[in-house]
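This is the structure I want to talk about, given as structure tokens.
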Amino acid sequence: MADVAIIPSGGTDRWGDPLPGGDPILVRDVTVWPRRSDESDEGSVITGISAMLPGGAPVPDAIDAMLVDVEVGADGQVVPGTGRKYEVVGEPGVWAWSDGEEAGIEVALQRARG
């Protein structure tokens, strides 16, 4: 299981330039696996990763970023400079048990540029 950090987007200013993001939101014990596309005649192609956040975790917005495999310090905070940065692709999907209780949140991710 991986530890991840959601990096909330700061949005954009009136000229469309990005504003600084918010403080990282730590989510522990996240399951991560390769995300595949079956659009190739030669078979599937790895297009990114998917992450299953535990039920009740904060749900990232489609404009947020996530750091995967972050280190957590003794103070319980994300160690700056750790983790691989990904962008959220599309809208996260909330999975529910048959009784309606939230089972988890599936998030599609692709490596961030820059």
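The values are calculated or read from the model by the stated rules, or taken from the named source; none is laboratory data. The shown structure was predicted, so the numbers you read here are calculated from the model rather than taken from an experiment. Cβ sites come from the backbone with ideal geometry, for glycine too, and all protein chains shown count toward neighbours.
So the check is Cβ under 6 Å with 6+ separation or different chains; which pairs have a first residue in region 1-17 that's within 29 Å of GLN77 (Cα to Cα) and of a type in the set (D, E, K, R) and a second one that's crowded, with 18+ Cβ neighbours inside 10 Å and at pLDDT 95 or above?
Going by the 6 Å Cβ cut-off, the qualifying pairs are ASP3/VAL70.
Can you tell me which residues in region 67-109 are in a loop (DSSP other than H, G, I, E, B) and at positive phi? Before the answer, list the steps.
Filtering region 67-109 for residues in a loop (DSSP other than H, G, I, E, B) gives 69-71, 73-77, 79-83, 97-101.
Across region 67-109, the qualifying residues are ASP69, GLY76, GLY81, GLY83, GLY100.
Now a separate question. Report, by residue number, each residue of region 19-34 that is within 13 Å of the chain's Cα centre (by Cα) and surrounded by 13 or more Cβ atoms within 10 Å (Cβ to Cβ).
PRO24, ILE25, LEU26, VAL27, ARG28, VAL30, THR31, VAL32 - these are the residues of region 19-34 that are within 13 Å of the chain's Cα centre (by Cα) and surrounded by 13 or more Cβ atoms within 10 Å (Cβ to Cβ).
Here's another thing I want to ask about it. In region 74-91, is there at least one residue being touching a Phe, Trp or Tyr at 6+ places or on another chain (Cβ under 9 Å) and within 17 Å of VAL27 (Cα to Cα)?
Keep residues of region 74-91 that are touching a Phe, Trp or Tyr at 6+ places or on another chain (Cβ under 9 Å), which gives none.
So far as region 74-91 goes, no, none of its residues is touching a Phe, Trp or Tyr at 6+ places or on another chain (Cβ under 9 Å) and within 17 Å of VAL27 (Cα to Cα).
Which one of the conditions (1) within 14 Å of ILE105 (Cβ to Cβ); (2) more than 15 Å from the chain's Cα centre (by Cα) does SER37 fail to meet, given that it meets all the rest?
Status for SER37: all satisfied but (1).
Results for (1) in contact with a strand residue (DSSP E or B) (Cβ under 7 Å, 6 or more places away or on another chain); (2) closer than 17 Å to ARG113 by Cα, shown as yes or no for each residue.
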{"position": "THR12", "(1), (2)": "yes, no"}
{"position": "GLY16", "(1), (2)": "no, no"}
{"position": "ASP23", "(1), (2)": "no, no"}
{"position": "LEU26", "(1), (2)": "yes, no"}
{"position": "THR47", "(1), (2)": "yes, yes"}
{"position": "VAL68", "(1), (2)": "yes, yes"}
{"position": "VAL88", "(1), (2)": "yes, yes"}
